[in-house]
Amino acid sequence: MFADNTLTPKEAVRLCALGTLASRPMRYSELAGTVRHFTSRMMGPSLELMGTSIELLRYEGLVEARDGAGMEDDAPLEITRGGRRELHSLLTARLRLGSDLSKLVVALKIRFLDLLEPAERRTQVDLLIEAVETELARLIDLRGSSVDECGEDSALVAWLDHDIAQLEDRQSWLEAFLAKL
């Protein structure tokens with residue numbers, strides 16, 4: 001963990017994998033795909049997140065293969081008692097809110113937008129709109145798969161609806177802002 005007892009990106013992936021297996025055992029390949037899908041829809045593609053190996057969880061005794069070896073034969077995996085303790089530790093870790101570097105970059109772009117020529121300003125706002133559209137597409141896709149997996153009334157779907165609404169508001173604001181430029 002970071003010095004303030006908040007999760008690192010690696011630990012966030014561990015939380016995703018262990019939490020997924022706590023719900024039900026699944027094959028190595030299915031778990032890897034589920035973790036990759038969820039994390040990439042929430043944060044976008046990230047080498048920092050994808051570099052964590054599920055095989056390491058098996059080596060550490062947090063998950064174990066049922067009826068097989070693991071990655072080599074795509075064995076079904078299940079969480080161990082130690083894995084449940086680790087999952088609890090990860091779930092109860094402190095949060096580091098507002099540390100997203102991209103929020104800072106967006107705020108700085110808006111703050112200093114007037115230093116650009118008018119055409120460059122419009123281009124930058126267009127890029128911000130495009131980034132919001134990309135993020136919206138990711139979250140909408142994740143919402144669809146989450147409804148299938150967790151149900152329409154799940155806490156995750158409600159949270160995604162909240163984030164989607166915020167992004168739609170941001171998109172509307174940026175489009176109105178662009179129209180004024």
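The values are calculated or read from the model by the stated rules, or taken from the named source; none is laboratory data. Just so it is clear, the structure is predicted and the values come from calculations on it, not from any experiment. When we count neighbours, we look across all protein chains shown, and the Cβ atoms used for this are built from the backbone with ideal geometry, even at glycine. For accessibility, only protein heavy atoms count, side chains too; no ligands or nucleic acids. Shrake-Rupley method; radii C 1.70, N 1.55, O 1.52, S 1.80 Å.
Once you have the Cα-Cα distance between Ser154 and Leu181, take 0.36 nm times their residue separation minus that, and quote the gain in nm to one decimal.
Length gained, Ser154 through Leu181: 5.6 nm.
Mind checking which of Thr134, Thr39, Thr92 has the largest fluctuation in a GNM of the chain, springs on alpha carbons under 10 Å?
Thr92
Short version: ³J(HN,Hα) in whole Hz for each residue of segment 17-33, in order, from phi by Karplus 6.51 cos²θ - 1.76 cosθ + 1.60 (θ = phi - 60°), x for Gly and Pro, what are they?
Rounded to whole hertz, the list is 5, 5, x, 5, 6, 5, 6, 5, x, 7, 5, 3, 5, 5, 4, 4, x.
How high is the FRET efficiency between Glu55 and Ser145 when r is their beta carbon distance and R₀ equals 22 Å, given to the nearest 0.05?
So the FRET efficiency works out to roughly 0.35.
Give the cross-link partners of Lys180 among the lysines, using a straight C-alpha distance below 26 Å as the criterion and excluding same-chain residues fewer than 8 apart.
Those lysines meeting the cut-off are Lys103, Lys109.
I need the shape label for the chain. Rule: rounded when a/c is under 1.5, else prolate if a/b > b/c, else oblate, with a, b, c from the alpha carbon gyration tensor. Mind dumping the intermediate values first?
Details: a/c = 2.59, a/b = 2.16, b/c = 1.20.
The shape class here is prolate.
From the Cα gyration tensor of segment 9-92, with a ≥ b ≥ c the square roots of its eigenvalues, which class applies: rounded if a/c is under 1.5, or else prolate if a/b is larger than b/c, or else oblate?
Numbers: a/c = 1.81, a/b = 1.25, b/c = 1.45.
Note, shape of segment 9-92 comes out oblate.
For the chain, what is the calculated [θ] at 222 nm in deg cm²/dmol (nearest 500), taking -39500 (n - 2.57) for each run of four or more DSSP H residues and dividing by its residue count?
-22000 deg cm²/dmol
Just the accessible area for Ile54, please: 1.4 Å probe, Å², rounded to the nearest 10?
It works out to around 20 Å².
In nm, to one decimal, how far is the Arg94 label point from the Asp161 one, both placed 7 Å along Cα→Cβ?
Taking the two extended label points, one gets 3.3 nm.
If the chain between Trp173 and His37 were fully stretched, how many nm would it gain, using 0.36 nm times the residue separation less the Cα-Cα distance? Kindly include the intermediate steps, with their values, before the conclusion.
Values: separation 136, 0.36 × 136 = 48.96 nm, distance 2.90 nm.
Difference between extended and current length: 46.1 nm.
Based on the mean of other Cβ atoms within 10 Å per residue, sort peptides 74-81, 150-157 so the most packed one is first.
74-81, 150-157
For the chain, give the magnitude of the charge dipole about the Cα centre (Cβ charges: +1 Lys/Arg, -1 Asp/Glu; no others), in debye to the nearest 20.
600
Ordering His37, His162, His88 from largest to smallest accessible area (1.4 angstrom probe), what's the sequence?
The ranking, largest first, comes out as His88, His162, His37.
Gaussian network model of the chain, Cα springs within a sub-10 Å range: biggest mean-square fluctuation belongs to which of Arg84, Arg122, Arg111?
In the Gaussian network model the winner is Arg111.
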